[in-house]
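The values are calculated or read from the model by the stated rules, or taken from the named source; none is laboratory data. Since the structure is predicted, the reported quantities are computational estimates derived from the model, not experimental observations. Note that each Cβ is placed from the backbone with ideal geometry, even for glycine, and that neighbours are counted across all protein chains shown. To get the accessible areas, we keep the full protein, side chains included, count just its heavy atoms, and leave off ligands, DNA and RNA. Shrake-Rupley method; radii C 1.70, N 1.55, O 1.52, S 1.80 Å.
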Amino acid sequence: YYVEKALAPHAEVRRGTIATLLTSPLAVMVVPDGEIVDAAERDRVRQWVEEGGVLLRFAGPRLATRARASDDPLLPVTLRPGTRALGGNLSWGASGHLAPFDPRGPFAGLAPPPEVEVRQQVMAEPTLDLDARTWARLDDGAPLVTGERRGKGWLVLVHTTANAEWGNLALSGLFIDLLRRIVDLAGSVVAT
């Protein structure tokens with residue numbers, strides 16, 4: 001709902017299954033808290049990304065509880081199983097706020113509003129190239145948006161939900177700006 005509302009004024013938004021969406025030209029595919037289980041669909045999406053598509057995924061309870069989070073080839077980073085809770089009982093600390101964006105990254109020039117809070121997120125496995133794949137961070141340094149170039153396209157993961165379940169990012173004006181920047185990565189529509 002929030003993704004559709006944020007993108008509708010700026011881009012054509014279509015809903016459907018992966019198989020249906022890939023039957024016509026498409027620049028960006030958004031997968032909110034889901035995984036692409038079917039191997040044939042996964043291969044079609046991988047090929048579409050390599051030809052210039054942008055696959056934008058959001059975390060959520062399903063992605064966090066998958067038994068083999070490290071085996072998903074359509075994520076820009078390897079994930080640790082489970083989630084990190086912030087700002088509540090038995091949590092890691094206070095709610096996470098956004099750190100300033102890297103001036104060389106895709107969100108350069110945007111200012112994170114202080115009222116945006118993340119209460120829960122999926123965590124990336126620390127790797128040597130995690131910094132290079134991190135586009136947005138929480139103020140404690142934890143990745144919030146990661147991305148990786150695959151062929152001519154991009155894999156992008158927002159490490160929190162596309163709704164208000166794990167924080168208020170989706171309710172902010174910044175959410176619209178972030179999504180527009182991610183859509184701009186696609187450049188043009190990719191036909192399959």
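Annotations
- Tensor-based shape of the stretch 119-192 (alpha-carbon gyration tensor, a/c under 1.5 rounded, otherwise prolate or oblate): oblate
- Residues in the stretch 1-160 average 51 Å² of solvent-accessible surface per residue, probe 1.4 Å, ligands and nucleic acids excluded.
- In degrees, nearest ten, helix 39-50 long axis to first principal axis of the chain (Cα): 90
- Bins of 5 Å from zero: percent of alpha-carbon pairs in the stretch 1-88: 3, 12, 22, 23, 18, 13, 6, 2, 1
- The GluC sites (Glu not before Pro) of the stretch 110-192 that meet both conditions, a loop assignment by DSSP and at most 12 other Cβ atoms within 10 Å of the site Cβ, are E115.
- Restricting the stretch 1-33 to trypsin sites (Lys or Arg not before Pro) in coil, as DSSP defines it, with at most 14 other Cβ within 10 Å: R14, R15
- Its alpha carbons considered, the chain gives a radius of gyration followed by a Dmax of 15.7, 48 Å.
- Listed residues R104, R66, R42, most fluctuating in the chain (Gaussian network, C-alpha, under 10 Å): R104
- Sites A85 and E35 - FRET efficiency at Förster radius 22 Å, r taken between beta-carbons, to 0.05: 0.55
- Folded to 0 to 90 degrees: helix 173-184 orientation relative to the chain principal axis, Cα: 30
- For peptides 7-13, 179-185, 105-111, 150-156, sequence by mean Cβ density within 10 Å, most packed first: 150-156, 179-185, 105-111, 7-13
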